[in-house]
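What follows is a short report on a single structure.
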Amino acid sequence: QVQLVESGGGLVQPGGSLRLSCKAPRMITSVFNPNVMGWYRQGPGKERELVASITPDRATDYVDSVKGRFTISRDNSRKTVYLQMNNLNPEDTAAYYCNALTTARQPKFDWGRGTQVTVSS
């Protein structure tokens, strides 16, 4: 069964913005809340890579390519993780996925279907 459901992707022009959501509808809050959560993306011809993460205490980390443009946040009461993406460029085109991170910073749960972000020129 699906544990993580991503949404919010779409087609956007360069310079535009999107906000992605990741929900855990079948996960109780006591399981969701202690996890470090992350957003990954996989662009055409590329491997899936972690681009942003957030701890239970809301400390964040970003890959250099999105730093200053993307903001990860979480609402534990709603079991939701967000990724606000601003000033998008074509290099951001990818399928975006969320997942929990293990203590070794590896994906913890099964992958969801992801949500496609396409930045057109």
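Annotations for the structure displayed:
- Beta carbons closer than 8 Å, at least 6 apart along the sequence or on distinct chains, pair a first residue in region 1-24 that is in contact (Cβ under 8 Å) with a residue 24 or more places away in the chain with a second that is crowded, with 19+ Cβ neighbours inside 10 Å and acidic (D, E) for L20/E6; S21/E6; C22/E6.
- Qualifying residue in region 99-108 (condition: at pLDDT 95 or above, within 18 Å of V5 (Cα to Cα) and polar (S, T, N, Q)): yes
- If you go through region 69-86 and keep only what is β-branched (V, I, T), open to solvent by less than 50 Å² (accessible area, probe 1.4 Å) and without any contact (Cβ under 8 Å) to a residue 60 or more places away in the chain, you end up with I72, T80.
- Residue in region 40-61 that is farthest from G15 (Cα to Cα), counting only those that are surrounded by fewer than 18 Cβ atoms within 10 Å (Cβ to Cβ) and among the hydroxyl-bearing types (S, T, Y): T55
- Only one entry in V66, V36 is farther than 29 Å from S120 by Cβ, in contact (Cβ under 8 Å) with a residue 24 or more places away in the chain and out of contact with any Phe, Trp or Tyr (no Cβ under 8 Å at 6 or more places or on another chain), namely V36.
- Selection within region 96-110 - out of contact with any Asp or Glu (no Cβ under 8 Å at 6 or more places or on another chain), open to solvent by 20 Å² or more (accessible area, probe 1.4 Å) and in contact (Cβ under 8 Å) with a residue 24 or more places away in the chain: R105, P107, K108, F109, D110
- Condition check for A94: touching a strand residue (DSSP E or B) at 6+ places or on another chain (Cβ under 7 Å) and of a type outside the set (K, R): yes
- Scope region 18-33; condition over 19 Å from N76 (Cα atoms) and loosely packed, with under 13 Cβ neighbours inside 10 Å; matching residues: none
The values are calculated or read from the model by the stated rules, or taken from the named source; none is laboratory data. On a predicted model such as this, the values are computed, not experimentally measured, just so you know. Every residue, glycine among them, receives a Cβ derived from its backbone with ideal geometry; neighbour counts consider all protein chains shown. Please note that ligands, DNA and RNA were not included when accessible areas were found on the heavy atoms of the full protein model with its side chains. Shrake-Rupley method; radii C 1.70, N 1.55, O 1.52, S 1.80 Å.
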